[in-house]
Every structure is written in C-alpha cells, then in structure tokens.
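*Asks:* What follows is a structure written as structure tokens; I'll ask about it next.
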Amino acid sequence: MRDRTGVLLIAGAVLTLDQITKFMVSAWIPFQIRIDLIDNFLALTHVRNRGAAFGLFADAPVAPVRAGLIAVSVLAIGLIWTYARQSWHEPRVMATFGLILGGALGNLIDRLRLHYVVDFIDVHWGRYHWPSFNVADMAITVGAISLFIVMAQQGEVEKASVTMTEASSEECDNLLADENPVKKTAADDMAPLN
C-alpha cells in the first residue's frame, strides 16, 4: 500500500457495506421495530439517529447539530486524506485510515441525503443497553482504536531507536574499547594476544 489505493479500497468496501446494510434495514424493517437475533443480547432495530455516533446529542436542536456533524465529518475526511497523501505510511496505518474514511463517508452521505443516520445494530445485556449503531460506526471505532494502538507501538519503537542513537561518541568509543583491547604501541601490535 505504498500509495493511497489501499486506503481507497478499504474505504470503498466499508462505504459499500454500510450503504447496502442501511438500505436493507430501511427497506425491510419498519421504523422502530426490533427483531431479536440473540435473546437478551443482539437485535436489529431500525433507528433514525439525528445526533452523533451512538446517539450523542440526539436531543439537541437538529439544525446546529446536523451542521456541526457535517462540518466535523468533512474536516475529518480532509485531514485523513491530506495526511495519507503527504507520505507513505505503514500498511497498518493506511488500513486504519481506510476504515475511518469509509465510515465517515457513510454517515456523511446519510446526513446529507436523509438528514439523519440509519442505525440498526442493537446490543444489550439484560437491562443494560448500548445505543444502536451501524457499519460506519463500527469501522470508525475499530479504525480509531487500531490507529491508536499502531501509533503507540510505533512510539515505543521510535523511543527505543532514539535511546540507542543518543549515546555520545565518547560512550561509543568506551563500549568499543571494552570489547576490543586497544593497542598502544607498535610493539603491542606485534605482541600475541592471549
């Protein structure tokens, strides 16, 4: 993935899956109807989310929230694309960019087209209930967590390499002197080493 082709392929796959699943839910499951898949754990529920991910700000005034979320989505898409274009990144980083980009585009399309986002995955355990979400939300979440992990791992590698390169030339000479005895004179040069 030395170019952005990988980012586009992953983003395109996420976007396609997201839009197809949202279309299917909208066409086949009536609004606010719940279909249990696994009792007391997983259901499909057709929800119209006018707030942010996982229903945040759903009760806030619609127009400002919608405008703000569209602006944040466009900004996030622009930042990811700009960062991905600046230079080549490790394939894991590019994959996370693809996940986040595809998810952001999927929810942005809903907001522009429908003025809300179709959510349908409903996870609950007894009386505990997680807000409904969709494929785009999953991709953004997995991408963000993966990006954090990859960056943390890269930070550890860079920290280790910086520590190794911070040794002064005197310290390096001392290390070499400890490993290989330094010959002081020409006579020492001819003397056998024990």
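*Asks:* For segment 107-125, enumerate the residues that are buried (at least 20 other Cβ atoms within 10 Å of the Cβ) and touching a helix residue (DSSP H, G or I) at 6+ places or on another chain (Cβ under 9 Å).
*Replies:* Asn107, Leu108, Asp110, Val117, Val118, Asp119, Phe120, Ile121
*Asks:* Something else about it: Does Arg2 meet the test of being modelled with pLDDT under 90, assigned to a helix (DSSP H, G or I) and either touching a Leu at 6+ places or on another chain (Cβ under 9 Å) or not hydrophobic (A, V, I, L, M, F, W, C) (or both)? Walk me through how you get there before you give the answer.
*Replies:* Working: modelled with pLDDT under 90: yes; assigned to a helix (DSSP H, G or I): no; either touching a Leu at 6+ places or on another chain (Cβ under 9 Å) or not hydrophobic (A, V, I, L, M, F, W, C) (or both): yes.
Taking the combined requirement at face value, the residue does not satisfy it.
*Asks:* Still on this model: How many residues does segment 51-79 hold that are touching a Ser or Thr at 6+ places or on another chain (Cβ under 9 Å) and modelled with pLDDT of 65 or more?
*Replies:* Count: 0.
*Asks:* Is it the case that segment 83-106 has a residue that's modelled with pLDDT under 95, of a type in the set (S, T, N, Q) and crowded, with 19+ Cβ neighbours inside 10 Å?
*Replies:* yes
The values are calculated or read from the model by the stated rules, or taken from the named source; none is laboratory data. Treat the numbers as computed from the prediction; the structure is a model and nothing was measured. Neighbour counts are summed over all protein chains in view; Cβ atoms, including those assigned to glycine, are modelled from backbone coordinates with ideal geometry.
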